[in-house]
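Let me begin by presenting the structure, written as structure tokens, before commenting on it.
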């Protein structure tokens, strides 16, 4: 059995991909990922502004076998920052927020010695001077992340640290910085962030399946989060409070809604051109306003083309990735409700978009070993009497061998 698994797990070469259009090639690639348990979620791929592929893969709720679809809601974690940044830029355009104003101008409770040094634009660009907190317990897979805090209470306790660098001089990813921006938005507009988000962006763009997760995504029919283990097998993801994650990463959305969002960032309509252009203007560390904007490296498909991307990472639950290729009007949206290795899926989708051959995934050695052990455990569970007899015989055989060795050593001594 293990030999058959190993033969089936070999790496397929590009020449084995049958000819066909891009949608067919994407579907074959996705099927391989699904077969090996590397993809559970939803995918949408658009070329020249038109959707060429969208599909749900696996289950939104494994216990009930509820399938994922392109309309399934997933936590999108830090992709939320794109929406936060655009809402700030809207308020800047309307004169309620100034990019050169200080944090303490809008949040009078914030400590003055640092709040007077941090201005809004560096906070947007992760150059505020606040220490990096991507791996801090409050934003990671830990017990601390499960504690509920209202946004301001959390910011007062955890987001008033000593500055790690002079504002504007060093790039450090700060969820706390974006939480401060959300509180500033609420103060200057007199509305909750969720209300403002829906009024200014979601409703005008027809994003009816997106919003703020108030620890109620399951009640809204959204996908449950799972953690992938070797085999593969899956366990429910850890509970993480969305209240304190707030505008840094508490939104949910669908692949279809995120396509609408990406179209709005490309076309005249709800967002004026000056805001759209500003969103994709990179600063330090290639970070713009909720996006990393780079040129594709020489050794990758689409080399030299502009790529804007952002990943959303809710440890142990969801992983999302959006990639835009603005020179071609192409977009890749991948939302997962199983947290684990991506095995280069997004890179392979990019290869197909740029008319290159993807590298088909293979079954990992850890999965092969875990699968063999699971098969053994299943056999033992269904053949209890026989397995007990075999165990007794094995123990008896080991004892007999030990007894013979003991007798042999005694004979040699004499």
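The values are calculated or read from the model by the stated rules, or taken from the named source; none is laboratory data. Predicted, not measured: the structure shown is a model, and the values here were computed from it. Neighbour counts run over all protein chains shown; Cβ positions are idealised from the backbone, glycine included.
One residue is enough: does segment 174-193 have a residue meeting the conditions part of a loop (DSSP other than H, G, I, E, B) and crowded, with 18+ Cβ neighbours inside 10 Å? Show your work before the answer.
Kept after step one, since they are part of a loop (DSSP other than H, G, I, E, B), are these residues of segment 174-193: 174, 190-192.
Next, only the ones that are crowded, with 18+ Cβ neighbours inside 10 Å stay: 174.
The answer is yes, given that some residue of segment 174-193 is part of a loop (DSSP other than H, G, I, E, B) and crowded, with 18+ Cβ neighbours inside 10 Å.
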Residue 148 fails exactly one of the following numbered conditions: (1) over 24 Å from residue 286 (Cα atoms); (2) modelled with pLDDT of 95 or more; (3) part of a loop (DSSP other than H, G, I, E, B). What is the number of that condition? (2)
Could you tell me whether segment 357-371 includes any residue that is modelled with pLDDT of 95 or more, more than 20 Å from residue 80 (Cβ to Cβ) and within 21 Å of the chain's Cα centre (by Cα)? no
Take residues that are touching a helix residue (DSSP H, G or I) at 6+ places or on another chain (Cβ under 6 Å) and surrounded by fewer than 16 Cβ atoms within 10 Å (Cβ to Cβ) and tell me which of the strands (runs of 3 or more DSSP E) falling wholly in segment 214-321 contain 1 or more. 292-295
Can you pull out the residues in segment 45-70 that are over 19 Å from the mean Cα position of the chain (by Cα), within 17 Å of residue 33 (Cβ to Cβ) and crowded, with 20+ Cβ neighbours inside 10 Å? 53
Among the residues of segment 258-265, is any under 16 Å from the mean Cα position of the chain (by Cα) and either at pLDDT below 95 or more than 28 Å from residue 54 (Cβ to Cβ) (or both)? no
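Tell me the residue from 387, 341 that is at pLDDT below 90 and either under 23 Å from the mean Cα position of the chain (by Cα) or assigned by TED's automatic domain parsing to the domain that holds residue 249 (or both), please. Lay out the reasoning, then the answer.
Details: 387 fails: either under 23 Å from the mean Cα position of the chain (by Cα) or assigned by TED's automatic domain parsing to the domain that holds residue 249 (or both).
One residue alone meets the criteria, 341.
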One residue is enough: does segment 110-131 have a residue meeting the conditions part of a loop (DSSP other than H, G, I, E, B), surrounded by fewer than 16 Cβ atoms within 10 Å (Cβ to Cβ), out of contact with any helix residue (DSSP H, G or I) (no Cβ under 7 Å at 6 or more places or on another chain) and in the same structural domain as residue 243 (by TED's automatic domain parsing)? yes
